[in-house]
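This report refers to the structure that appears directly beneath it.
The values are calculated or read from the model by the stated rules, or taken from the named source; none is laboratory data. The shown structure was predicted, so the numbers you read here are calculated from the model rather than taken from an experiment. As a convention, Cβ positions derive from the backbone with ideal geometry for all residues, glycine included, and neighbour counts pool all protein chains shown. Accessible surface areas use protein heavy atoms only, side chains included; no ligands, DNA or RNA. Shrake-Rupley method; radii C 1.70, N 1.55, O 1.52, S 1.80 Å.
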Amino acid sequence: KKARTALPVGCRVQVHGLQSDEGRKLNGKTAMVVEAVDEKTGRLQVNIEGDIRKALKPDNLRPLGGAEGAEIRPGLRVEITGLQSEQGKLVNGKCGMVVGVDEATGRFKIEIDEEGQRALKADNLIVLVTESGKGRSHALTLNSDATAMQGKRPKQEDRHVQIKDLHKVAEALKHDISHIDKPCALYAVYDGHQGSNCADYVAKHMHAKLIPKLAQLRGADPDDVTRIMTEAFTELDEEFLSRFRGMYDGSTAVVALIMGLHLFVANVGDSAALLCAEPTEGQLLVKPVFTDHKPDEPEEQKRIEAAGGTVVHMGGIARTGASNYHDRVKEYRMQMAQGTGMSMKEPIALAVARSFGDREFKYDPNQRNKRVDVVSCIASVNHVELVAGAHKALILCCDGVTDVMSADEIGAGAMQFVGKPKEASGHLVGEAYRLQSGDNLTAVVVFLEWGPLAGNGEATKIRVRHILLKHKDVRNPYDQIRKKEVVRTSGEAEQEMKEVLKEVHCGGIVNDANFVKLCRDMSECGSAMTPGDLVGDLGWIIADSVSPQFAAAAFRLRVGEITRRPVYTPLGVHVIHRVG
């Protein structure tokens, strides 16, 4: 209370908590303190949106971030203020998203709602901040899914993991990571070889190893996150080798950790992570965000040989051999030539220089307790700051996919199915199989969906109505209105919804009569039975009460607007109309 009483003249604030009929109209508006506290009344004089002067109690004023020196960076929502030109005055009070920085002028690039992009000084921006001491919630929704196929291998040795909300998992494990920015998620692909025990173990324990370390972390300093991810990899490797002394299989790994606008990718081996960005000159930008640990890379080969191993080339592929590889090959060939039976398996050489497990490459064959790490489990960690609106998708996949498809082909293939990660991952796996990949096949696709940030100067509760078309792959393929099973495919539902959009979408304004008619005639949600103009009404919703995909689309709308393209959720395909 003392801090609010001391709000300085010139401080930008937001009005809230007024109870009178006149006061409620002012709640949510921004204002500037123009006179210090009146000692008699205890009130502050504020100028609301430039033309309304009021004396208000400090408890009805919430300080906004810009006056307090809050950091301005890509991905944050801001309010525009103080522009003096005639055109500038038209956007004062509007909100937008920071999408970049003009290095030449030092101005911030702001995508202003319904106004397009402008380059503005920091003095003209108010950061709309969240609760102090908690991680920020950014205007980013992660829409992910995965597909795995055994392919032409006799067994499926790949494993993959999707933890879409690491905060909830941490809470279940009784760890507090509320200080970490949202969204916070973990995605991983583990490509096992010579069995699946190692891939199983790492897939089940990686998040449990990382979460306690994240709980001790403050912020997203790249060095600190790199350290804890590297520690998690080496500790899990040691645990697996200690617990399962009779197992000789191993696994590569690629693990993506998203913390707000920070992406960290840790990997060992050749499983890939690709980040897709908006097209430049018509060409989609696909950037590898992993390190391909090939044995014949100069630094890797030097390390392998220093540990006593060797790099051999077989069929044009560089492989890592253990310290006794050549001796064992000679012995194996001698036994084969004698034809009197075999006392050993054919020696193997791995196509990667780093992995989990692989006991015979981690210990000296002559001193079983001595670690030599011809094949290492020290992870490479890549860090990327995600740029709002620019970065579109993250793709994780095993080498069964990358062996037959280039990074550009993988990115372009996934981006054919924007908003539909199951279809995108399925396409990549299917295409790799069609191209004669002889390996297990796994792909995880995460679409990065950018929109306004509810709760940071935006509405936290909105009212919407919608039209829903289900398809046979949804959780409950049953039409509640017509009392029958839904048999259409997802593609057919999408095409039908595009036709609906043509009928109800008139330059962003809803043709209300058409919406009401089409909702009654076509929607397969129980809300289509609501009488009168409320047909399709879902009432007041908050972001956590609906799917992330639905929330991202709905909270992006202004009152009266309708989505411009179909919205895909686990329930089906939607058209959404915001009405309040």
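Helical runs (DSSP H, four residues minimum) scored at -39500 (n - 2.57) apiece and divided by the length of the chain put the mean residue ellipticity at 222 nm at -7500 deg cm²/dmol.
Computed with every protein chain present, the accessible area of Ser406 is close to 50 Å² [probe 1.4 Å].
Could you provide, to the nearest whole Å², the per residue accessible area of region 146-301 with probe 1.4 Å?
42 Å²
Could you give the distance between the Cα centres of region 288-303 and region 336-365, to the whole Å? Result: 21 Å between the Cα centres. Note on surface exposure: Asp21, Asp544, Asp59 rank Asp544, Asp21, Asp59 by accessible area, highest first, 1.4 Å probe. On a per residue basis, region 505-580 carries 46 Å² of accessible surface, using protein heavy atoms and a 1.4 Å probe. Ranking Pro477, Ala55, Ser251 by Cα position along the charge dipole of the chain, where only Lys, Arg, Asp and Glu carry charges on their C-beta atoms, puts Ala55 farthest toward the positive end. Remark: accessible surface ordering of His193, His175 (largest first) is His175, His193, probe radius 1.4 Å. Using only side-chain charges placed at the Cβ, +1 for Lys and Arg and -1 for Asp and Glu, the dipole size of the chain relative to its Cα centre rounds to 1460 debye. A Cβ-based charge dipole, computed about the Cα centre of region 133-259 with Lys and Arg at +1 and Asp and Glu at -1, lands at about 320 debye. With both residues required to sit in the chain, DSSP beta bridges show an antiparallel share near 95%. Heavy-atom accessible area, probed at 1.4 angstrom with all protein chains present, ranks Glu305, Glu496, Glu299, Glu561 as Glu299, Glu305, Glu496, Glu561, highest first. In the complete set of protein chains, residue-level accessible area for Asp399 is approximately 20 Å², probe 1.4 angstrom. Overall, the accessible surface of the chain at a probe of 1.4 angstrom is composed of carbon and sulfur to the extent of 49 percent.
Computed about the Cα centre, the dipole magnitude for region 472-551 is approximately 200 debye when only Lys and Arg (+1) and Asp and Glu (-1) carry charge, each at its Cβ. Shown here: mean projected area of the Cα convex hull in nm², derived from the displayed model; of the candidates (i) 28.6; (ii) 33.5; (iii) 26.6, it corresponds to (ii).
Taking only pairs that are 8 or more places apart or on different chains, how many Lys pairs in region 253-373 have Cα atoms under 29 angstrom apart? The number of close lysine pairs in region 253-373 is 16. To the nearest 10, the accessible area of Thr41 is 90 Å² with a 1.4 Å probe.
The residues of region 355-477 present an accessible area of 37 Å² per residue when probed at 1.4 Å with all protein chains retained. Highest-first packing order for the peptide set 13-19, 96-102 is 96-102, 13-19, based on the mean count of other beta carbon atoms within 10 Å.
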